[in-house]
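Have a look at the structure below before the remarks.
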Amino acid sequence: LSSPFSQSLRLVAPIGNRSTRGIHQLGGAVDPESSQKKRRTMLQYLSDHFYDVEFLRGYFLQNKMDKVHQKNRFRDKEWIRPDKYGHFSQEFWNFSEVPVEAVDASDCAINYEGLENLHLLKELQSLSLQRCPHMDDWCLSRLYPLADSLQELSLAGCPRISERGLACLHHLQNLRRLDISNLPSVSNPGLTQILVEEMLPNCKVVGVNLAEGLKLGPEEQPQDTDRPIPA
Amino acid sequence: MLPRVLSLGVRRGPLTRRPGTLRGGFSLDWEEKLSEIKKKIQSVLPGTSLHPLYDSSHLPPDHSDVVIVGGGVLGLSVAYWLKKLEKQRGALRVLVVERDLTYSQASSALSLGGIHQQFSLPENIHLSLFSASFLRNINEHLAVVDAPPLDLQFNPLGYLWLASEKDAAAMENNVKVQRQEGAKVCLMSPDQLRNKFPWINTEGVALASYGMEDEGWFDPWCLLQGLRRKVQSMGVLFCQGEVTRFVSSSDRMLTKNQKEVKLKRIYEVHVKMDNSVEYQPVECALVINAAGAWSAQIAALAGIGKGPPDTLQGTKLPVEPRKRYVYVWHCPQGPGLESPLVADTSGTYFRREGLGSNYLGGRSPTEEEEPDPENLEVDHDFFQDKVWPHLAQRVPAFETLKVQNAWAGYYDYNTFDQNGVVGPHPLVVNMFFATGFSGHGRQQAPGVGRAVAEMILEGRFQTINLDSFLFSRFYLGEKIQEDNII
């Protein structure tokens, strides 16, 4: 009289002198008597735990629905924010296969090496880099791998970005909205906005008041007299 | 013991009187006395240059461990890395001798200022990548207390090299090498080119390679001034003067095959002041030749190249000055803000400058059309005949343009294989070269400076291996040809 569990064990792990029988059993030449035993034991097991078949089907359906909900739990939700101590929840690590749609790195001290991390986000649609103190022209030249998906970019208030860096945004052909307000290093904001609009025809460029560039009188620029070539 | 005492008494000591002074008469030997006094003072205070009779503050010092001939971007970069990598602070005394401190003819100041990694040699690619990361972090490297940060005005738009049918295979190979070494370059077909840059006429173009990152152009004058400021703050002495003579000692040695070789060692450099005959002999341990277009003259002063041809003694330094023109024009309908530095199949190149539709560009002349490097006069007919037709053919908008300005500068052109010479000379043992980069010296200056400093301080190249750039290749005839030179 063998218990159901030792029967199943023998099926799975043939050891020692039982090897020949084990191979026969695994090879598919299963004698019908033991498989019936297996079915009977599983049925026994199920009937012990579930009330009836409909209940079982409901259980499986509920499992599947839970899985789908788990996958879509961020669909209409807001941003994942750090708590008041600046820490992100540890659960975040479980969501590594969920594609990231938007990143808000405003006021963040992200630099040239850090932007490499954004290259892996193949479905990034919106990127906000407002008031980042270390963002400069070199960093903007690192944004080209996001060209396929990026639709919205905001660079407002970054102190080091100039019109030379803005010129290398021409790779981002899917961009629909670009915010370049309040960039102190850009020498001529009105003219820059016009040239950037020419460069990216499908994009709406916001942030510059075009009347700002019009001054009443010409302003004298200090000449660097050491230069051999006039600048 | 007794013989020793006796011998002590018989031998003349320092306190015995000279003959002729026994009866009280003296011989006035003023010069000898003065030089004796000077030697005594110098032995007590080594390293100071004490001239009790005349003012020598305008002259360079009497001694210097390293003398760098040439104060352009390569010379300053070597000085910077020597001071940065020296083991103990103040261990090396470095003197930079520059003939013209206004840099009116220096190639560093007059260049177009571009940096790119699209070379065919891996060493060149590494040098450019190193220099790009140096320039990116320039305010950490060249920070001086209480001085404003440097603004290089870097424009990261990249280089676009166009290749015709016959060069397309070579370009593909080069791009493979570049990608392997870590440069971010992408290849484009004529259709993709037209999509991206609609102002290009792609007739005759089979393939194009476009640098995506770490490529572009910057302000070379700013780099020069930044290096100068930092190097002065690190304790390097500057001197405006011209090197007129090297005094060296030589050593005859026998090789394995019993052939005689004469090894020279420069121990004194004569630096002549401007507009005068006054010169100062500077005692030195090492001399670095970073004189750019005039390196061959400096090498000839050291005796490099004096000997029968086809021997190591007779191999000259094959660097000559070549004149190149840069023109500035205005074209209102020209390419937009996103245009990179375009290098055409015909050797013409141009780039946009600023927001106002101004463009800079030029063309490298072929061997027959080489202009006379006697002076830096600009030949405007060269633009009309040789540059404009190619420009107009490649970019139809350039058919109407107006030239605003033009200037000329020298390339320190290496006639052997257009690549730099780095490292010591095999016979003049303490002369190091850092020259001959034929138009891409300034973009590789940080890397080359570091390589020379490592060679001096450690004895071998550590960061980037430039063994194939040594002088001995001129004698052995091993050319390392670089294809992508403009």
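The values are calculated or read from the model by the stated rules, or taken from the named source; none is laboratory data. Remember, it's a predicted structure, so these values are computed and weren't measured experimentally. Heads up, the Cβs are rebuilt from the backbone with ideal geometry, glycines too, and the neighbour counts pull from every protein chain shown.
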Give the residue, chosen from B:V452, B:V387, that is assigned by the TED database to the domain that holds B:Q117 and part of a helix (DSSP H, G or I). B:V452
Do the conditions hold for A:L121, that is, is it closer than 22 Å to A:P82 by Cα, of a type in the set (A, V, I, L, M), away from chain B (no Cβ under 14 Å) and surrounded by 12 or more Cβ atoms within 10 Å (Cβ to Cβ)? yes
Filter region B:401-442 down to the residues that are within 14 Å of another protein chain (Cβ to nearest Cβ), of a type in the set (A, V, I, L, M) and surrounded by fewer than 19 Cβ atoms within 10 Å (Cβ to Cβ) and list them by number. B:A406
In this structure, does B:L355 turn out to be among the aliphatic types (A, V, I, L, M), in the same structural domain as B:L470 (by the TED database), at pLDDT below 90 and over 30 Å from B:R93 (Cα atoms)? no
Do you know which of the residues in region B:89-135 that are surrounded by fewer than 21 Cβ atoms within 10 Å (Cβ to Cβ) and of a type in the set (F, W, Y) is farthest from the other protein chains (Cβ to nearest Cβ)? B:F130
All positions within region B:220-240 that are surrounded by fewer than 19 Cβ atoms within 10 Å (Cβ to Cβ) and within 14 Å of chain A (Cβ to nearest Cβ): B:C222, B:R229
Within region A:186-231, considering residues that are among the aliphatic types (A, V, I, L, M) and modelled with pLDDT under 85, the one surrounded by the fewest Cβ atoms within 10 Å (Cβ to Cβ): A:L216
Where B:G204 falls short, out of the listed (1) away from chain A (no Cβ under 14 Å); (2) of a type outside the set (V, I, T); (3) over 25 Å from B:G336 (Cβ atoms): (3)
Under 21 Å from B:G336 (Cβ atoms), within 14 Å of chain B (Cβ to nearest Cβ) and surrounded by 23 or more Cβ atoms within 10 Å (Cβ to Cβ) - does that describe any residue in region A:130-138? yes
In region B:124-140, is there at least one residue being in contact with an Asp or Glu (Cβ under 8 Å, 6 or more places away or on another chain) and not in a helix (DSSP H, G or I)? no
Just the residues that are touching a residue at least 60 places away in the same chain (Cβ under 8 Å) and either more than 25 Å from A:S187 (Cα to Cα) or surrounded by fewer than 18 Cβ atoms within 10 Å (Cβ to Cβ) (or both), please, taken from region B:329-361. B:H330, B:Q333, B:G336, B:A343, B:D344, B:T345, B:G347, B:Y349
Filter result for the condition that a residue is assigned by the TED database to the domain that holds B:F218 and touching a Ser or Thr at 6+ places or on another chain (Cβ under 8 Å), over B:R89, B:R93, B:R99: B:R93
Considering only residues that are in contact with a helix residue (DSSP H, G or I) (Cβ under 8 Å, 6 or more places away or on another chain) and of a type in the set (F, W, Y), look in region B:136-193 and name the one that is nearest to the other protein chains (Cβ to nearest Cβ). B:F154
Take B:E458 and tell me if it is closer than 29 Å to B:A300 by Cβ and not assigned by the TED database to the domain that holds B:W329. no
Report, by residue number, each residue of region B:399-424 that is among the β-branched types (V, I, T) and either within 19 Å of B:V328 (Cα to Cα) or not in a strand (DSSP E or B) (or both). B:T400, B:V403, B:T415
Name the single residue that is nearest to B:E203 (Cα to Cα) among those in region B:347-357 being part of a loop (DSSP other than H, G, I, E, B) and out of contact with any Ser or Thr (no Cβ under 9 Å at 6 or more places or on another chain). B:S357
